[in-house]
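The values are calculated or read from the model by the stated rules, or taken from the named source; none is laboratory data. Note that this is a predicted model, so its numbers are computed, not measured. FYI the Cβ positions are ideal-geometry reconstructions off the backbone, even for glycines, and counts take in every protein chain you see.
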Amino acid sequence: MLRLLLLDVPVSVCSPSCLPGFRKAAVEGKPICCFQCVPCPPGEISNVTDTVECTSCLWDHWPNDIHNGCIPKNVEFLTYNDHLGIILAGTNIVFSIVPVSILGLFIHHRNTPIVKANNRSVSYLLLMALTVCFLCSLIFIGYPTPEKCVLRQATFGITFTICVSCILAKTIMVVIAFNATKPNSKLRRWVGPKLSYIIIAVCSFIQVILCICWLMISPPFLQNNIHSQPGMIIVECNEGSPLAFWCMLGYLGLLATISFIVAFLARKLPDTFNEAKFITFSIFAFLSVWVSFIPAYLSTKGKYMVAMEIFAISTSSLTLISCIFFPKCYIILLRPELNTKSHLIERG
């Protein structure tokens, strides 16, 4: 009889059960048996019914769509298996052949006036440095190991400094060579490759010291960034000291600015020494690329930030080659009648 009475007692259900993926939250002003089901917040799950707390996933996992279980996060970095990585790697390998080909052309025609008149030894060094600039971008592609993190920015900074130092040396030599033709000029003793080598060595040495201090005090390191994009692990290189990174770029920009000013002031010298005109265009384009790169670099994340830096390296390197060396290659290959001493003297 008691059992039958108990079965006849009505059951009051204030709230339904909370399924996995939700947690129970009390409703203010209502009995404790009344509650509402609240979805688990981002990064947390519940895999049992009527739980009052959600639990966090491990650092390398992320909740599934219904927040009742954890799944591994996607790992992102610029890889050679990615279409973007393949395009950037292939493009830079192809572009690296261009300065090598020009170097071979200049060596083959090393005794012609147009090669000799424009400081051929510095031109050789500039072409080799530009080849390394294209190839150094390959360090940025692939899994960013600790060794890559340490090497890639320093390699990029030093190599580009050598390029800009060569251009600065060529520009200064244009000015000296013109003024040395004046009677009783004291600049005649500086005409020759010695001063060019000194300029390149001093300017590059300063950048090397900056990079060494950077790597000794606060070097770049590998990190797993789990905060930039939800559900994503971005494997990236932390630059260590942002101040050192921007000092490296700032010094490179300072050298490029000095080269542009000197070349701009020397652009109206007689045509015999007209390399300053091409240098002016090349450095202006070089600075434009890197000024545009900075806001784009700061506004991107993950592999697209790396791709942006590779694109800037490739574009600025190709700009220097196009403006400085393509006009000379045109004369050597297609207008050999202009590549004579008498023609250069007439133009001067």
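Taking residues in the range 91-113 that are under 21 Å from Cys136 (Cβ atoms), and partners anywhere that are aromatic (Phe, Trp, Tyr) and outside any helix (DSSP H, G or I), the pairs with Cβ atoms closer than 8 Å and at least 6 places apart or on different chains are Pro99/Phe325; Ile102/Phe325.
Residues in the range 132-170 that are out of contact with any Phe, Trp or Tyr (no Cβ under 9 Å at 6 or more places or on another chain), among the β-branched types (Val, Ile, Thr) and free of Cβ contacts under 8 Å to residues at least 40 places away in the same chain: Val132, Thr155, Thr159.
For the range 216-243, the set of residues classified as within 10 Å of Lys73 (Cβ to Cβ) and among the polar types (S, T, N, Q) consists of Asn224, Gln229, listed by residue number. Where helices (runs of 4 or more DSSP H) fall wholly inside the range 234-336, the ranges with 3 or more residues that are surrounded by 20 or more Cβ atoms within 10 Å (Cβ to Cβ) are 242-265, 275-298, 303-324. Consider the range 178-226 and keep the residues that are assigned to a loop (DSSP other than H, G, I, E, B) and at pLDDT 90 or above. The one that is surrounded by the most Cβ atoms within 10 Å (Cβ to Cβ) is Pro220.
Restricting to the range 66-102, name every residue that is surrounded by fewer than 19 Cβ atoms within 10 Å (Cβ to Cβ) and assigned to a strand (DSSP E or B). Listed by number, the residues that qualify are Ile71, Pro72, Asn74, Val75.
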